[in-house]
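A short worksheet on the structure shown next.
Coordinate-derived values only; no laboratory data. Keep in mind it's a predicted model, so treat the numbers as computed, not measured. Here Cβ is always computed from backbone atoms with ideal geometry, including for glycine, and neighbour counts include all displayed protein chains.
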Amino acid sequence: MNIRKIELLAPARDLECGIAAIDCGADAVYIGGPKFGAREAAGTSVEDISRLIEHAHRYWARVYVTVNTLLHDEEIAPALATIRELYKAGVDAVIVQDAGLLESELPPVPIIASTQMHNNTPERVKFLEDIGISRAILARELDLEQIKSIREQTSIELEYFVHGALCVSYSGQCYLSYAIGGRSGNRGQCAQPCRKLYTLEDRQGRVIARDKHLLSIRDLNLSEDLRELIDAGVTSFKIEGRLKDRAYVSNVVAAYRAKLDELLPEMGFVKSSSGTSNPGFTPDILKTFNRGYGKHFLYGRKEHLGCPDTPKMIGEVVGRVASVGAKSFVFEGSAELHPGDGVCFFNTYGALVGTTINRVDGKIVTPDKIDGIQSGVQLLRNHDHKFLQRLAKNHAERKIAVEFALRESPDGFVLNATDEDGISVEFELVNEKVPANTPERSLETIQSQLTKTGDSAFDCSGVVVELENVPFLSMSKINELRRGAIGLLRTERDRLRPRETGEIAKNDVPYPEKTLDYHGNVLNSRAAAFYKRHGVQSIDRAAESGMDLLGKQVMTTRYCLRHESGACPKIDRSADASPVFLISGEGDKLEVRFDCAHCEMHVFLTRKWLDGRTVRPKS
């Protein structure tokens, strides 16, 4: 049986976050390039990416760069120039969405198919494999059985989201932000209209729910489901969060690293990079941003996914308010509150209200604002001041285990260094052999000095001294031996670091569909040529070409408002499956239709208002 390597993949909004992710145990990071990334606000210079690559490659960790927006014709050339520059910098793969890039002359860098390509069926993923794509980032809505089916029919690497914020729509199939404001999620500019307040009405205009975040769903947490995902065939576990800060990245990466380090040896697998991380703190994923957690559809439609009351950080339940005074309250709970903590609660109107704690005297808590705090209110902590302070001050360490063996050579001494990956080097020091006056003390000095690997990427796991007679070696000579061996080992590790190349095949493997409407996201002529070569007979332009989306489907979701409210016709045959309407505070109106045969919800833009007039999205 071949040992399969499992990858923990972390987000990086910048160089600092990327280094933190690697140091806390990530096997790989993904980061936005200078432009053309699906998070326009998280672009990174090639210079900073190069520095991140240098740091990651010490541990045989990898760096993937996103160039995953849809491109206009005039953007293809600069996007290709960016990819070539990234390839020269040493990136391990490039994540793309636009098929026009696959029709272009790419450097021999592995290509990863973004989840924006809607990789949701065995046929789609097999097509990607057949044209030379190295990895497919699977649709987040897939359940375990669907992942297993894809694995059984393909041998491509499979990447799957395990943690973080979720889009309510199928990735790459959401046009709502573009339709109502001209900001396309497929071009990295999503304004997140799914997190807005909506009022839900039936066909007669009767209000079902008023001013709720009806398209906002909870965050993903599959930290207890990694075994099942490995069994299903996932090879890379992806953490969402390219807009998240260093504290979030460090905390979540450390938490998943600990889970995997416990699980992988038991299952007979290994991590895909080198070194052992010491984050310097005990991770707790409740303490960094989340909207409440769920498993999405991993086990089918078994839980409520929505978070209609707020799209903000909820945090952890810490207790309740026992009684309220003029400026303070009495707190009851097992958690310990501290000055600087942020706490929140839902007021009598159902709105999330927050305040900062100024003072704590035993159980008496003085907040910055007492307004709205009532006896019996459940209290949540959404900012653990001491925990986040520790994260801010902490500097995680990651070390590669190395064992030293010292022996004599004809002209002096040889120090062998063998690391945890089995890479071995020898450094020879030409030196006079002078017997030690105090052999025991000299041996102790040799062993002690060889273990001092300092701020290098290595940590001494053992020293073997294979000498018949213990010599006298000055500390400077011992240090020269150690530094020389580590320098050779570093060079040899770089030479032997696993490197992969990729090539997109210009073949005519049939695409699974013969017709593409605007959901096919064909924005440029090269993308059209790509699909034509693969047998697609009818191709419409992408929505971002300037299409009028009024009256058109702008979102496709597996999330269902009927199911959330307990009115699913598949469960209750008397339930009404008629369309309903979502109306935003700005007056935009969305018709929601239910495709119960496919367990999907389809959202159409039926009215768009700006300054009291109907408008069309900008191109």
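Take the Cβ atoms of Glu492 and Glu145, set R0 to 60 Å, and the FRET efficiency comes out at 0.85. Relative to one another, the C-alpha centroids of segment 29-83 and segment 309-337 are positioned 42 Å apart. Highest mean packing comes first when the peptides 356-367, 9-20 are listed by Cβ atoms within 10 Å, giving 9-20, 356-367. Listed by chain and number, the aspartates and glutamates placed with their C-alpha closer than 18 angstrom to that of Lys287 are Asp219, Glu224, Glu240, Asp245, Glu316, Glu336, Asp341, Asp384; residues fewer than eight positions away on the same chain are left out. Using Cα centres only, tell me the gap between segment 142-162 and segment 441-481 in whole Å. Each part's Cα centre sits 49 Å from the other's. For segment 311-321, 3J(HN,Hα) computed residue by residue from phi via the Karplus equation (6.51, -1.76, 1.60; θ = phi - 60°) reads x, 8, 5, 8, x, 10, 5, 10, x, 9, 8 Hz, glycine and proline entered as x. Rg of the Cα atoms in segment 376-469, relative to 2.2 N^0.38 Å, amounts to 1.80.
Each Lys and Arg Cβ is given +1 and each Asp and Glu Cβ -1; about its Cα centre, the chain then shows a dipole of about 2020 debye. Compute the FRET efficiency between Val207 and Lys302 as 1/(1 + (r/R0)^6), taking r as their Cβ-Cβ distance and R0 = 35 Å, and round to the nearest 0.05. Computed FRET efficiency for Val207 and Lys302: 0.75.
Relative to the longest principal axis of the C-alpha atoms of the chain, give the angle of the C-alpha long axis of helix 144-153, reported between 0 and 90° and rounded to the nearest 10°. For 144-153 against the chain, the angle is about 70 degrees.
Give the shape of segment 510-589 as rounded, prolate or oblate, defined through the alpha-carbon gyration tensor: a ≥ b ≥ c are the square roots of its eigenvalues, a/c under 1.5 means rounded, and otherwise the shape is prolate if a/b is larger than b/c and oblate if not. Note, shape of segment 510-589 comes out oblate.
Loop-located GluC sites (Glu not before Pro) in segment 217-264 (DSSP state other than H, G, I, E, B) with a sparse environment of at most 13 neighbouring Cβ atoms within 10 Å: Glu224.
Taking each residue as 0.36 nm, the span from Ser461 to Asp231 lengthens on full extension beyond its C-alpha to C-alpha distance by 79.5 nm. The phi torsions of segment 125-138, fed into the Karplus equation with coefficients 6.51, -1.76 and 1.60 and a -60° offset, translate into couplings of 5, 5, 4, 4, 4, 5, 9, x, 5, 7, 8, 10, 8, 6 Hz, rounded to whole numbers, with Gly and Pro shown as x. Here segment 127-239 carries DSSP beta bridges of which approximately 40% are antiparallel, counting only pairs with both residues inside. Using alpha-carbon positions, what is the distance between the centroids of segment 285-308 and segment 223-280, in Å? Between the Cα centre of segment 285-308 and that of segment 223-280, the gap is 19 Å. Close amide H contacts of Glu157 (hydrogens built in the peptide plane, cut-off under 5 Å, sequence separation of 5 or more or a different chain): Ala136.
In percent, rounded to a whole number, the relative contact order of the chain is 16, using alpha-carbon pairs under 8 Å and six or more apart.
Summarising the strand pairing of the chain, around 60 percent of its internal DSSP beta bridges are antiparallel. Per-residue Karplus couplings for segment 322-330, computed as 6.51 cos²θ - 1.76 cosθ + 1.60 with θ equal to phi - 60°, are listed in order as 7, 7, 10, x, 5, 10, 9, 9, 9 Hz, Gly and Pro entered as x. What does the C-alpha gyration tensor say about the overall shape of the chain? Classify as rounded when a/c is under 1.5, otherwise prolate if a/b is larger than b/c, or oblate. In terms of gyration-tensor shape, oblate.
Residues whose amide H comes within less than 5 Å of that of Gly33, counting only those at least five positions distant or on another chain, are Thr44, Thr66 (H built at 1.01 Å from N in the peptide plane). Taking Cα centre as origin and charging only the Cβ of basic (Lys, Arg, +1) and acidic (Asp, Glu, -1) residues, the dipole magnitude of segment 436-559 rounds to 400 debye. The Cα atoms of segment 259-404 give a gyration tensor whose axes a ≥ b ≥ c have a/c of 1.5 or more with a/b no greater than b/c, which makes the shape oblate. Bins of 10 Å, beginning at zero and ending with the bin holding the largest distance: percent of Cα pairs per bin for segment 313-360, please. Per 10 Å bin, starting at zero, the Cα-Cα P(r) for segment 313-360 comes out as 23, 62, 15 percent.
Note on Ser565/Tyr87: beta-carbon distance plugged into 1/(1 + (r/R0)^6) with R0 of 60 Å gives a FRET efficiency of 0.75. For the peptides 374-384, 263-273, the ranking by packing is 374-384, 263-273, with the highest mean count of neighbouring Cβ atoms within 10 Å listed first.
Its residues counted as N, segment 187-332 yields a C-alpha radius of gyration over 2.2 N^0.38 Å of 1.36.
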